[in-house]
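Right, one structure below, let's go through it.
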Amino acid sequence: MSDHEQMAQETAVSDYERVGGGAAIRVVVDRFYDLVLGDERLASFFTGSDMPQLKRHQALLIAQVLGGPAAYDGRELQEAHSGLQIGRGDFALVVAYLAQALREAGVEEEIINRVGAVLASSEQDIVAVSGR
């Protein structure tokens, strides 16, 4: 690696840093859950959930997806969503709400697109029902 390439790599800013780090992600996660829980089509999936813990796990997961600390300590996505009968439409709504929360926080579209690509790759671990 040349000195120029090494300097460029050392000064590269992660998406996590570009969005404002952990504090900004917590704001996005709070807004995301406001949107999701405000939607009658999705709210029932969270009945009985420990919302502070769920928000913490979501914030850690998003931070990791954005290139921040790899501190996610929740269950595997497939295990966490098993038995919930989540449909493709449900999944699409959740993705749309996360994108909306990110946009409202001023996150650049290219970063939102990268997050969307990661979410798309996890769809098979979350969606159990092709309808809905």
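Summary of computed values
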{"quantity": "Per-region count, segment 83-132, residues polar (S, T, N, Q), surrounded by 14 or more Cβ atoms within 10 Å (Cβ to Cβ) and either modelled with pLDDT of 95 or more or assigned to a loop (DSSP other than H, G, I, E, B) (or both)", "calculated": "1"}
{"quantity": "Unique residue being touching a residue at least 24 places away in the same chain (Cβ under 8 Å) and touching an Asp or Glu at 6+ places or on another chain (Cβ under 9 Å) when the list is GLU104, GLU108", "calculated": "GLU108"}
{"quantity": "Any pair with Cβ under 6 angstrom, 6 or more apart, that starts in segment 46-63 at a residue that is over 17 Å from SER122 (Cβ atoms) and ends at one that is surrounded by 16 or more Cβ atoms within 10 Å (Cβ to Cβ) and at pLDDT 90 or above", "calculated": "LYS55/VAL29"}
{"quantity": "Residue in segment 32-40 that is assigned to a loop (DSSP other than H, G, I, E, B) and more than 13 Å from the chain's Cα centre (by Cα) present", "calculated": "yes"}
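The values are calculated or read from the model by the stated rules, or taken from the named source; none is laboratory data. The structure presented is a predicted model; accordingly, all values stated were derived computationally and were not measured. Every residue, glycine among them, receives a Cβ derived from its backbone with ideal geometry; neighbour counts consider all protein chains shown.
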